[in-house]
Structures are given as C-alpha cells and as structure tokens.
Amino acid sequence: MKDFIYEALPSHVTFGRGSVSRLHEVMERHGVERAMLLSTPQQVDQARAAVAGLGDAIVGSFTDATMHTPVEVTERALAELRASGADCVVSFGGGSTIGLGKALAVRTDVFQIAVPTTYAGSEMTPILGETKNGRKTTRRSPSILPEAVIYDVDLTMGLPAGISGTSGINAIAHAVEGLYAKDANPIMRLVAEEGIRSLASALPRVVADGGDVEAREDAQYGAWLCGFVLGSVGMALHHKLCHTIGGDFDLPHAETHTIILPHAVAYNAPAIPDAMAAMRRALDTDDPAEALFVLARKVDAPRALKDIGMPKKGVETSADHAVENAYWNPRPLERDAIRNLIARAWAGDRPTGAEA
C-alpha cells in the first residue's frame, strides 16, 4: 500500500426525513442565535417555509444567490449580512446558494448551516469558486467549509428530473476525480466508489419516478459521499475544464460537469488503471466513460456544450485557458488533445475510446 495522509473535515451532518425541523437544535448546539436566510429567487417560498419554525431567529434574508457566485452579488449580500446582525447564515438550495454562503464566510467567518436541495455536494467542501470580470477562479480554505449540514430528503422530492439528473452527475464527477487525485488515500477511494455506485443506481430511478422516496434517499446519500470526497482531496482535469468553460461562457454548472465528465474520464483512462477498475465495479460496466455518457442520456441530461450555450469558437479559447495554471492531472495535459476533447464535448460526440 502506498503512503498517504488523511485529514478529516470538521463538519456536523444531520441526515434524515424531516430533519430540517431540527434547525433550531443545530443552531443551539453550535451557539448561534441570529440567522440570515440565503436562497435563489426561484426558491424563496420553499426556503421560507423550511425555516418558518425558527421564528424571530431569522433576522434577515438575501434571495438573489446566482450561479458561479459573482463577486458583485456577494458584495450586496455582505452588506445585508452586516446590517442584519446575523451570526450565522442558513444556505438553502443548491450550489449557487451554498456558494454564496461560503463567499460570505470566507470574508466574515460567519457560521454556516447548509440545507442542500440538490445533489451537487458543495456543502461538504472547503472550496469556493467565484466569478469576477468574466473569469472564474477557485480557492480552498478551512473557513469556507460549512460547519453544519442538514440533509432532508423531503426537500428534494419536488426537485425536477432535469436538475436531479445533472446535479447528481455533477456529484459523481467529484468522486471520479477523487479516485485518482494526487493526494488520494484508501479511505477516500472507498467513499468515492460507494458514492458513484449509489448515485449511478439512484438517478435513473429518481428521473423515472420523482416520488420514489428510497431512490431520493439513495441519491442524497451518494451526493453526501461524493461531496465529502471533493472536500477531502484535490481535483484534476475534469474540474479545471468545467471551471474554465463554465466561467468563460456563463454556462450552467451541473450541465457542464455532466457533459465534460465522460470525455475527461476517457482522456485520463490510460493513466489511471486502479481508478478505472473502481469505476467498473461502481458502474457495473467494462467502459466507464461510455457508461457515464449513457447515464446522461438515461436522465435526459444535455450531452453537448453547444446545446447549453457555448459558441463553437469557444473551443479554441477554452483549450488555451485549460492549460494555463493547470491543475495536477495523472495524464500530462496536451493542448491539441485537450482541444479535441472539448470539441467532442461541444458536438455531443461519444467520448474517445467509446464504441462509435
């Protein structure tokens, strides 16, 4: 066995049906009393209903959380946070809202309680991606990690099929890269394989029947595990590409991950035999890249970057940006090969190496 270092993340997780009703208990446990509610405009009503039991403990709200965490939005939320006198934020929703909570925490060290309603997994990571002047950058810090997370499957029951599928595959991407991360360790490999297995099994069932509680629970469990992996070890080519392309063209986050993932796996496959073996077990397949491409079809997710707003001329730009300040990757980054990968993803072609 290779030498490794494992560092546990200090987060408090409450998992179970109806667990959002324990928000006040979580606040008391951690010694915070005044909460500001965060959400997107689309989830205002659901968010307010979920925290209604807190009563006067909600001292403010900011409901304009936005995809890719634009700095100008964070600055407006920061002014509201300071005016409210809140000592914690309750981030209700998906990656956009939880990202905003992280952006506030890294600037003020405010206590974070994340209540995720999608499967993206951002709530389990000390990683923040922010957009400024059209470019997305990421940073990592212990102060970014939410201190408490509440997983309540009841809050995901109305999650539309399209969002369920893409946010779930986004989470799978975290675990896939965790299998071959530079700082991977045996614990994270076990967690990653289980997370991939749980989500890949659950997502088609969720999309087929959004009211399938068991499938929703399996998906939320898998998302937790995959987010845990993302927060514990580094990432590689896939995440670099998604951050670059998503930030350059303001593309939807989960859909971008869903489209890029099979192609990134195919690119790295020759350099990651052990990770490929784990993916074969988790996905019950001989060809993980193809299986991930087919999974996107099963959950009715987009499979081409051109279909979510990326212009064709962006292929060259993204290839250039992808090799700038590159993340570590198990296979060396070759500009022409990366350009071909992006071109295939733009067109919606099968990943290289998969059956034509």
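Give me the dipole magnitude in Debye, nearest 20, for segment 262-313 about the Cα centre, with unit charges on the beta carbon: positive for Lys and Arg, negative for Asp and Glu.
Working: 8 positive and 7 negative charges, 70 e Å.
The calculated dipole for segment 262-313 is roughly 340 debye.
If I model a spin label as a point 7 Å beyond the Cα along the Cα-Cβ vector, how far apart are those points for R335 and L9 in nm?
3.5
Compute the orientation-averaged projected area for the chain from the convex hull of its Cα atoms and round it to one decimal in nm². Provide the component values of the computation, followed by the final result.
On the way: hull surface 65.4 nm².
Averaged projected area of the chain's Cα convex hull equals 16.3 nm².
About the Cα centre, and with charges only on the beta carbon of Lys, Arg (+1) and Asp, Glu (-1), how big is the dipole of segment 1-122? Nearest 20 debye, please. Intermediate results must be reported in sequence, preceding the final value.
Values: 10 positive and 13 negative charges, 44 e Å.
Using Cβ point charges on Lys, Arg, Asp and Glu, segment 1-122 gives about 220 debye.
Rg/Rh for segment 83-184 to two decimals, with Rh computed the Kirkwood way over all alpha-carbon pairs. All intermediate terms of the calculation are to be shown ahead of the outcome.
Numbers: Rg = 14.3 Å, Rh = 14.5 Å.
Rg/Rh: 0.98.
Return the carbon/sulfur percentage of the accessible area of segment 192-282, one whole number, probe 1.4 Å, all protein chains in place. Please list the in-between numbers first.
Numbers: 1280 of 2560 Å².
So the carbon and sulfur contribution to the accessible surface is 50 percent.
For the chain, what's the relative contact order in percent, using C-alpha pairs closer than 8 Å and at least 6 residues apart? Spell out each step's value before the answer.
Details: 716 pairs, mean separation 54.6, N = 356.
RCO, the chain: 15 percent.
Report, in debye and to the nearest 20, how large the dipole of the chain comes out about its Cα centre when Lys and Arg carry +1 and Asp and Glu carry -1 on their Cβ. Working shown, then result.
Values: 34 positive and 44 negative charges, 137 e Å.
For this selection, approximately 660 debye.
Can you give the extra length, in nm with one decimal, that the chain gains between D45 and K2 once fully stretched, where that is 0.36 nm per residue apart less the Cα-Cα distance? Display every interim value, and only then the final one.
Numbers: separation 43, 0.36 × 43 = 15.48 nm, distance 5.01 nm.
Result: 10.5 nm gained on full extension.
Relative to the first principal axis of the alpha-carbon coordinates of the chain, what is the inclination of helix 161-179, with its axis defined by its Cα atoms, in degrees from 0 to 90 and to the nearest 10?
70
Using only Cα atoms and rounding to the nearest 10 degrees, what angle (0 to 90) does helix 288-298 make with the longest principal axis of the chain?
The two axes meet at around 60 degrees.
With the dipole of the chain worked out from charges on the C-beta (+1 for Lys and Arg, -1 for Asp and Glu) around the Cα centre, which of G168, T285, L241 lies farthest toward the positive end?
Going by the charge dipole, the pick is L241.
If you bin every alpha carbon distance in segment 133-253 into 5 Å steps from zero, what whole percent lands in each bin?
Taking every Cα pair in segment 133-253, the percentages come to 2, 12, 19, 19, 21, 16, 9, 2, 0.
What order do S141, S21, S318 take when sorted by accessible area (1.4 Å probe), most exposed first? If you can, show how the numbers build up before the last one.
Values: S141 35, S21 95, S318 0 Å².
So the residues, ranked largest to smallest area, are S21, S141, S318.
Give the Cα extents of segment 1-155 along the principal axes, in whole Å, largest first.
Result, largest extent first: 51, 39, 26 Å.
Go through 279-289, 243-253 and give me the packing order, highest mean Cβ count within 10 Å leading.
On the way: 279-289: 19.1, 243-253: 21.5.
Order by mean packing, descending: 243-253, 279-289.
Extent of segment 280-356 along each principal axis, from alpha carbon coordinates, in Å, largest to smallest?
35, 29, 20
Per residue of the chain, what 222 nm ellipticity follows from adding -39500 (n - 2.57) for every DSSP H run with n ≥ 4, rounded to the nearest 500? Numbers along the way, then the final one.
On the way: 13 runs with 178 residues, N = 356.
Only helices count here, giving -16000 deg cm²/dmol.
Residues with beta-carbon under 15 Å from that of I113, excluding I113: net charge, scoring Lys, Arg +1 and Asp, Glu -1? Could you put the intermediate results ahead of the total?
On the way: positive: R22, R29, R34, K102; negative: E25, E28, E33, D87, D109, E123, E147, D152.
Result for the local shell: -4.
Could you do me a favour and compute the accessible area per residue for the chain, 1.4 Å probe, result in Å²?
Values: 14460 Å² over 356 residues.
So the chain comes to 41 Å² accessible per residue, rounded to a whole number.
What does the charge count near D274 come to, summing +1 for each Lys or Arg and -1 for each Asp or Glu among other residues with Cβ under 12 Å from its Cβ?
Values: positive: K2, R189, R280, R281; negative: E193.
Cβ neighbours under 12 Å give a net charge of +3.
If Lys and Arg each add +1 and Asp and Glu each add -1, what is the summed charge of the other residues whose beta carbon sits under 11 Å from the beta carbon of F228?
Numbers: positive: none; negative: E123, E194.
Summing Lys/Arg as +1 and Asp/Glu as -1 gives -2.
The values are calculated or read from the model by the stated rules, or taken from the named source; none is laboratory data. Not measured: the values here are computed from a predicted model. Reconstructed Cβ throughout: ideal geometry from the backbone, glycine too, with neighbour counts over all protein chains shown. SASA here: full protein model, heavy atoms, side chains in, ligands and nucleic acids out. Shrake-Rupley method; radii C 1.70, N 1.55, O 1.52, S 1.80 Å.
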